[in-house]
Amino acid sequence: MSPVASSNGAPNRPEENSILVTGAAGFIGANFVLAWLAHDLSAVVSLDKLTYAGNLENLASVANDPRHAFVHGDIGDAELVAGLLKRYRPMAVVNFAAESHVDRSIHGPADFIATNVVGTYRLLETTRAFYDSLNSPEKAAFRFLHVSTDEVFGSLGRDEPAFTELNRYQPNSPYSATKAASDHLIRAWCHTFGLPVLVTNCSNNYGPYQFPEKLIPLMIHHALSGLPLPVYGDGQQRRDWLYVADHCSAIRAVLERGRIGETYNIGGASEKANIEIVHRLCDILDADRPRQDGRSYHQQIEFIGDRPGHDRRYAMDAAKIASELGWTPSETFETGIRKTVRWYLDNPGWVGRVMSGAYRDWLQKNYSNR
Ligand code: NAD
Ligand code: DAU
């Protein structure tokens, strides 16, 4: 465990209105921290355990920024987190830290219980002790925002309306069950202990810095590497896709204006079948980075055995956050996917460096024998 350390070696000092961001070296956490600092909102203390999914390189552009400090550690380490809260006195904790990959939760749920359930519980308890020590104006300003997922609502039938905040929780995978458990803990810590919480439930994100185990970056990487594009089952599972910068702007809106104790659904109104996504990626790559043999990337598509318990359809009704907080996404799927492909084409080094031996072991575990 690293001691509290500024990423640029500058002295650490409490900053007015700083925020503590957990899971900050992951895909969405890093995008959130970079956007927060780009908007010059306040200082950020980033906490991350640096699991296989955490990558300090994602925060490299703010490594020398005096408004940013990175701390290597676990949300479940009460002593470390209590020390951070005492030292920096943040006005908010934004909790992205989680094990986030459904397929990995099927192969090994233990880490998901440890971080998503027990880790969240410990973070809540540590934050509650800090909150109780604040004076009245500080208490009034403080927020704990928990970042959750649409997967807690289970799977929709073909013609069912999109999930609203009132849908019943029906998680189907070990991942979504642990996220649902964490959402319930958050609610209870607000209701019973008065912790001022906010919960966001978001649909599938895509964009820069996404680890290439998830559909879109995996397909781009496999296409460019001449590997099969592995589509689970019939490829007709539907997801609602949101460009990551829009998820980050939604979280900022909830943090700033959301009502304490409320949950907010976030989505991109861009529902698509997986196979449509893969075809669109092939079309863009055919145009922007044609294969050297003149053939199309479409011929790399392979249908393989389905994910166990695979949810058929998710769709989010984001009317509440639109009407209460005025948030709507800025990107369409078309503009977002073009930016995303361009980022991966322009950053082959980033992808190359996350291809550790452990990543290759994962590909072998998940994709052989299907
Ligand atoms: P990610 O896997 O890319 O990043 C998770 C980060 O959390 C990693 O940097 C990892 O090192 C860190 N982490 C894991 N365990 C930790 C622990 N015990 N203590 C501290 N840090 C720890 O995930 P992501 O896609 O960026 O997702 C972030 C959050 O958003 C998650 O809570 C996820 O459930 C939620 N979410 C993701 C999506 C999506 O499409 N990716 C959609 C909705 C909600
Ligand atoms: O819905 C929000 C969720 O989106 C987040 O809570 C999760 O953290 C995030 O990982 C994501 O979960 P999904 O399971 O939807 O994402 P994934 O990218 O793993 O898969 C998207 C769809 O693509 C899903 O139906 C499975 C399918 N798929 C995925 C992979 C990796 C394939 O067909 N082939 C693949 O190789």
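What follows draws every value from the coordinates through simple rules; no lab data is involved. Given the structure is predicted, the values throughout are model-derived calculations rather than measurements. Backbone-built Cβ (ideal geometry, glycine too); neighbour counts: all protein chains shown.
Looking across segment 55-83, the residues that are surrounded by 18 or more Cβ atoms within 10 Å (Cβ to Cβ) and part of a helix (DSSP H, G or I) come down to Asn58, Leu59, Val62, Leu80, Val81.
Yes/no matrix, rows are residues, columns are (1) near ligand 1 (Cβ under 6 Å from one of its atoms); (2) under 23 Å from Glu138 (Cβ atoms):
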{"position": "Gly23", "(1), (2)": "yes, no"}
{"position": "Ala38", "(1), (2)": "no, no"}
{"position": "Val62", "(1), (2)": "no, no"}
{"position": "His68", "(1), (2)": "no, yes"}
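Kindly establish whether Arg252 is in a loop (DSSP other than H, G, I, E, B), away from ligand 2 (no atom under 11 Å from the Cβ) and in contact (Cβ under 8 Å) with a residue 24 or more places away in the chain. For Arg252, the condition - in a loop (DSSP other than H, G, I, E, B), away from ligand 2 (no atom under 11 Å from the Cβ) and in contact (Cβ under 8 Å) with a residue 24 or more places away in the chain - is not met. Going by the structure shown, is Leu215 within 16 Å of ligand 1 (Cβ to nearest atom) and of a type outside the set (S, T, N, Q)? Against the criterion (within 16 Å of ligand 1 (Cβ to nearest atom) and of a type outside the set (S, T, N, Q)), Leu215 qualifies. For segment 19-50, which positions are among the small types (Gly, Ala, Ser) and crowded, with 20+ Cβ neighbours inside 10 Å? Hits for segment 19-50 are Gly23, Ala24, Ala25, Gly26, Gly29, Ala30, Ala43, Ser46. Quick check, is Gly261 under 16 Å from Thr332 (Cα atoms) and not in a helix (DSSP H, G or I)? Considered against the rule, which asks whether it is under 16 Å from Thr332 (Cα atoms) and not in a helix (DSSP H, G or I), Gly261 comes out as no. Taking each residue of segment 275-303 that is without any contact (Cβ under 8 Å) to a residue 40 or more places away in the chain and closer than 11 Å to Leu224 by Cα and looking for partners that are surrounded by 13 or more Cβ atoms within 10 Å (Cβ to Cβ) and not aromatic (Phe, Trp, Tyr) with beta-carbon atoms closer than 7 Å, six or more apart or interchain, yields Asp286/Ser296. Selection of segment 24-62 for residues being closer than 19 Å to Arg87 by Cβ and of a type in the set (S, T, N, Q) yields Ser42, Ser46. Do we have Ser133 as surrounded by fewer than 17 Cβ atoms within 10 Å (Cβ to Cβ) and either within 28 Å of Arg257 (Cα to Cα) or within 11 Å of ligand 1 (Cβ to nearest atom) (or both) here? Considered against the rule, which asks whether it is surrounded by fewer than 17 Cβ atoms within 10 Å (Cβ to Cβ) and either within 28 Å of Arg257 (Cα to Cα) or within 11 Å of ligand 1 (Cβ to nearest atom) (or both), Ser133 comes out as yes.
Return the residue satisfying two criteria in turn: it lies in segment 166-204 and is more than 15 Å from Arg128 (Cα to Cα) and part of a strand (DSSP E or B), and of such residues it is nearest to ligand 2 (Cβ to nearest atom). The qualifying residue nearest to ligand 2 (Cβ to nearest atom) is Asn204. Only one of the listed residues (Phe144, Phe112) is within 16 Å of ligand 2 (Cβ to nearest atom) and surrounded by 18 or more Cβ atoms within 10 Å (Cβ to Cβ). That residue is Phe112.
Of all residues in segment 327-364, those satisfying the criterion of being charged (D, E, K, R) and in contact with a Lys or Arg (Cβ under 9 Å, 6 or more places away or on another chain) are Glu331, Glu334.
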